[in-house]
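To start, the structure itself, in structure tokens.
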Amino acid sequence: TISRIEGLSQDMFLETFERVASFFKDVSSRLFKGGRGHLSLLPDSGGIELFVQPPGKRVTRMDLLSGGEKALISLSFLLSLMETRPSPFSLLDEIDAPLDDANLVGLLDVIKDMSRQTQIVFITHNRITMGSSHTIYGITMEEEGISKTISVRL
């Protein structure tokens, strides 16, 4: 029974890994605008290796990438996981903060596609992200100690 469960678990993991890897390849190429990325399993440790090559760069080590590029790699993986098993609701808090405007537009395109099947609440201070939203909620304090919620439909 245990070996059957282990075999089934391994099959399910590999199937899910292949789906995540496929989404990662797609999302990373979209976020890196022509770059490429893939996931691979490390047979010795059972871990997962993320590989992304931004367009026009040869990457040898992750620590040589910029902070924005590292953020895009992480977002590629996170969004790939979300695409593999979409939930009806998702809360994303300040994931756009480390990105410049050009990279942010690519992220918002991917998020827009995902929002067809998942309701996404985005916590942000970025004007571009707010401008791409359908509804904006803000908190203001007109009087000391009294917060007020304001909503705007775009």
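Observations on the structure shown:
- Accessible-area ranking of Leu14, Leu65, largest first, probe 1.4 Å: Leu14, Leu65
- Residues in the stretch 1-119 average 63 Å² of solvent-accessible surface per residue, probe 1.4 Å, ligands and nucleic acids excluded.
- Summary of the geometry: the stretch 96-154 and the stretch 1-66, compared by the centres of their Cα atoms, lie 29 Å apart.
- Read-out volume of the Cα convex hull per residue in Å³, derived from the coordinates shown; its label in (1) 121; (2) 174; (3) 136: (2)
- Cβ-Cβ FRET estimate between Glu143 and Asp63, R0 fixed at 41 Å, reported to 0.05: 0.25
- Along the stretch 45-57 the Karplus relation, 6.51 cos²θ - 1.76 cosθ + 1.60 evaluated at θ = phi - 60°, assigns HN-Hα couplings of 9, x, x, 10, 10, 9, 10, 9, 10, x, x, x, 10 Hz to successive residues, with x for each Gly and Pro.
- FRET efficiency estimate (nearest 0.05) - Cβ-Cβ, Leu8 to Ser40, R0 30 angstrom: 0.85
- Loop-resident sites, the stretch 84-154, for GluC sites (Glu not before Pro), counting at most 12 other Cβ within 10 Å (DSSP): Glu94, Glu144
- Loop-exposed trypsin sites (Lys or Arg not before Pro) per DSSP, neighbour cap 15 Cβ within 10 angstrom, longest uninterrupted part of the chain: 62-115
- Share, in percent, of DSSP beta bridges within the chain that are antiparallel, nearest 5: 70
- Helix 101-114 axis versus longest C-alpha principal axis of the chain: approximately 80°, rounded to the nearest ten.
The values are calculated or read from the model by the stated rules, or taken from the named source; none is laboratory data. Predicted, not measured: the structure shown is a model, and the values here were computed from it. Note: ideal-geometry Cβ built from the backbone for every residue, glycine included; neighbour counts use all protein chains shown. The protein model used for the area step is the full one, side chains on, heavy atoms only, and it has no ligands, DNA or RNA in it. Shrake-Rupley method; radii C 1.70, N 1.55, O 1.52, S 1.80 Å.
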